[in-house]
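The values are calculated or read from the model by the stated rules, or taken from the named source; none is laboratory data. Keep in mind the model is a prediction, meaning the values are calculated, not measured. Backbone-built Cβ (ideal geometry, glycine too); neighbour counts: all protein chains shown.
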Amino acid sequence: MAQLRSSATISVVLWYGLLILVTVVMHLTRETQQSQAHVVLIYLLVVLGGSLSGGRPLGFTLAAAATILISYYFQPPFDSFSLTKPIDAVVLSAFFATAGTTTYLLVRAQEEAAQARAHAEEVERLSNEASHAEALRETARFKDVLLASVSHDLRTPLTSIKALAQDAADSGDPNAVIIVAQTERLSKMVAHLLDMSRLNAGEFPVSIELNTAEDLVGAAVLEMTGSNGADRIRVEIDYAAPVLIGMFDFVESLRVLVNLLDNALVYSPPTSPVILSATRVGDWLQLSVSDRGPGVPRTDAERIFEPFYRHASTANAVHGTGLGLAISKSLAEAQGGQLIYSERSGGGSVFTLRLRAVGATDPAELPVEQ
């Protein structure tokens, strides 16, 4: 701001200095060389130059000053403000009007040219951004296609390796048992990659039907039976309340819920229960999995649903691909739902799967059976 004021001050000084200089020169040659028309044209050039440099304020003040100087120095009787002929007043008025109008139009043309340049730059910027965005989309599409192709091609050899290793394991080979376990891990990773590419491409089919949250919770607990720590799962549902009904894909929602339970059991202390609750909040069914694990640092809370992201403190301690939460979130959104993370009071994490609810939100709104 100070720099702009300084530049404006310099411009004013320079153009008023030039106005004084041309006045002195024309005054010295007033009797021999200068006609009134020449004086008007020279002053008009000074006014226009000042307008270009300093804008309307400087242009108008130069026009006013030049009008006064013409009246005093270059209209008979010289060196006085006496107007002996009506034409002199007309000349002065015409000069001031011409100078003022020209100043206004010149500055307006400058402003419109500046706006045009700014618009052109904005268009160019947006065009570059659009090109960049298109390039990113094309890169992402190519990545998804590549992942899908590689994942699909890996499934057959992995199946063969697992079958051969299983035969060897059944024969008592301890190394084959390890191969089977690692092959299953690789198969799971390949399946996750394939699902991620299909979800990103919008090609993952979902079957949204009328289901109950109670059935979904029961299926999730049954699915976890036999898993390490499954006995620590505690279900919290108010069975006295109306049935929790929603529109969602049962199979894919079950997949999300099982993944959340599995993560909670892995990250929670071995003696800490994992709470699986279901309730209705407004238009949503909320199925929450709460644990007493280490939680997620606040700086990472926005990144936990990114593909392949794993926090440094747990990346080496827990096996995984870093795709589970990303796929779960995409599966929730594919059926019009949400997957939300929040800190648990007292420590730990709460992951909430939100699915579209149907029916009354209050028992008083339910139809009365006759």
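Give the residue that is surrounded by the fewest Cβ atoms within 10 Å (Cβ to Cβ), with candidates limited to residues of region 260-271 that are among the polar types (S, T, N, Q) and part of a loop (DSSP other than H, G, I, E, B).
Step by step, filter region 260-271, then rank; the result is 271.
For region 338-356, the candidate set comprises residues that are under 17 Å from residue 280 (Cβ atoms) and among the basic types (Lys, Arg); within that set, the residue that is farthest from the chain's Cα centre (by Cα) is 356.
Go through the residues of region 132-144 one by one and say whether even a single one is more than 30 Å from residue 39 (Cα to Cα), at pLDDT 75 or above and either of a type in the set (S, T, N, Q) or touching a helix residue (DSSP H, G or I) at 6+ places or on another chain (Cβ under 8 Å) (or both). Among the residues of region 132-144, not one is more than 30 Å from residue 39 (Cα to Cα), at pLDDT 75 or above and either of a type in the set (S, T, N, Q) or touching a helix residue (DSSP H, G or I) at 6+ places or on another chain (Cβ under 8 Å) (or both), which makes the answer no. With the condition kept exactly as written, say whether any residue in region 230-249 is assigned to a helix (DSSP H, G or I), over 31 Å from the mean Cα position of the chain (by Cα), charged (D, E, K, R) and within 20 Å of residue 346 (Cα to Cα). Within region 230-249 (the criterion being assigned to a helix (DSSP H, G or I), over 31 Å from the mean Cα position of the chain (by Cα), charged (D, E, K, R) and within 20 Å of residue 346 (Cα to Cα)), the answer is yes, since at least one residue qualifies.
Inspect region 76-97 for any residue being at pLDDT 75 or above and of a type in the set (Ser, Thr, Tyr) and give the result as yes or no. Checked against the condition, which is being at pLDDT 75 or above and of a type in the set (Ser, Thr, Tyr), region 76-97 yields no hits at all. Taken over region 229-255, residues that are polar (S, T, N, Q) and surrounded by fewer than 20 Cβ atoms within 10 Å (Cβ to Cβ) amount to 0.
Pairing each residue of region 261-288 that is assigned by TED's automatic domain parsing to the domain that holds residue 337 and within 19 Å of residue 250 (Cβ to Cβ) with any residue that is part of a loop (DSSP other than H, G, I, E, B) and of a type in the set (Asp, Glu), provided the two are 6+ apart or on different chains, yields C-beta distances under 9 Å for 278/238; 279/238.
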